[in-house]
Amino acid sequence: MTDYLVYDVFTNRRFGGNQLAIIPNGTEVAEGDLQRIAREFNFSETVFLFPPDGDGVAKVRIFTPTMEVPFAGHPTIGTAIFLGEAGLGPHFVLELGVGPMEITVAHGRASFTTRVPLTRVAEPDRALVARALGLPESVILGQPVMAGLGLAFTFTELADRDALSDIVCDVAAFREGHARHPNGLDFAQAAYVRDGDLVHMRMFAPLDNIPEDPATGSAAAALGALLCEAEGPLDLTIHQGEDMGRPSVIGVRAKPGAVTVAGQAVRVMEGKLVS
């Protein structure tokens, strides 16, 4: 039997934030079972830890219910806090699919800094994005941009908080968007409303079996990098998950060439995988 733990990430209380399963001893799990276990948990991500290949403290493999991904934010924060509770810190390096990631952890709060360059993938059609979100095109501000730091999301600024709450996804439009833009993580949508340094965001990836994500650190990092390109260094506080009853808070500090994402996490479950 192999141990596992479940954390709620980007929150300081149980039953908020984004759920994360961590299997500390990935070497005990058969390769062919990694994806099956992630599907069994059916969280937006599950993490398996392996011995490092280089100078990191661990190699981190991250699985959604349908695929392995090179990077995701809440698994990185949750893993950092787990390792901090195990006695590591305050600074160490994790090895992810996008390369080494610098970690800081203390007092139940962790941050990571990514220097992966922002990649702009496409500018999806406004009308298609509006259909995917189930909104009138008139509430979309500017041009949606598909971009990411290892994972590409379509970022769409909306006119107000009501429009953000009104989103009802059209899966057929997601399928059409994915067919047009196959490099965009199943046409995942990160819609947001901004008031200065305060951002409210929702993220939807129904084609990846994630109808809505309560906290998406990789999208938060990419949004920070995207806005930094236009405005220069900035600090953001991103609220996510409120519309689905799992409130989350993500801190983002972006400057040219580097984005730092910070948040808290709490352990809520422990158990064993039966082999």
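The values are calculated or read from the model by the stated rules, or taken from the named source; none is laboratory data. This structure is a prediction, so every number in the text was calculated from the model and none was measured. Cβ coordinates were reconstructed from backbone atoms using ideal geometry, including for glycine residues, and neighbour counts include every protein chain displayed.
Looking across 106, 130, 58, 80, one residue alone is modelled with pLDDT under 95 and of a type in the set (A, V, I, L, M, F, W, C). It is 106. Just one of the listed residues (71, 112, 92, 63) is surrounded by 16 or more Cβ atoms within 10 Å (Cβ to Cβ), closer than 21 Å to residue 43 by Cα and out of contact with any Gly (no Cβ under 7 Å at 6 or more places or on another chain), and it is 63. Residues in region 18-61 that are touching a Phe, Trp or Tyr at 6+ places or on another chain (Cβ under 7 Å) and within 24 Å of residue 248 (Cβ to Cβ): 18, 19, 20, 21, 22, 23, 38, 45, 46, 61.
With the structure loaded, tell me whether residue 190 is among the small types (Gly, Ala, Ser) and part of a strand (DSSP E or B) or whether it fails that test. Yes. All of (1) in contact with a strand residue (DSSP E or B) (Cβ under 8 Å, 6 or more places away or on another chain); (2) surrounded by fewer than 21 Cβ atoms within 10 Å (Cβ to Cβ); (3) assigned by TED's automatic domain parsing to the domain that holds residue 142 hold for residue 229 with one exception: (1). Just one of (1) of a type in the set (A, V, I, L, M); (2) free of Cβ contacts under 8 Å to residues at least 40 places away in the same chain; (3) buried (at least 18 other Cβ atoms within 10 Å of the Cβ) fails for residue 141. It is (3).
Okay, residues lined up against (1) in contact (Cβ under 8 Å) with a residue 40 or more places away in the chain; (2) buried (at least 19 other Cβ atoms within 10 Å of the Cβ); (3) over 17 Å from the mean Cα position of the chain (by Cα):
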| residue | (1), (2), (3) |
| --- | --- |
| 160 | no, no, yes |
| 175 | no, no, yes |
| 202 | yes, yes, no |
| 208 | yes, yes, no |
| 257 | yes, no, yes |
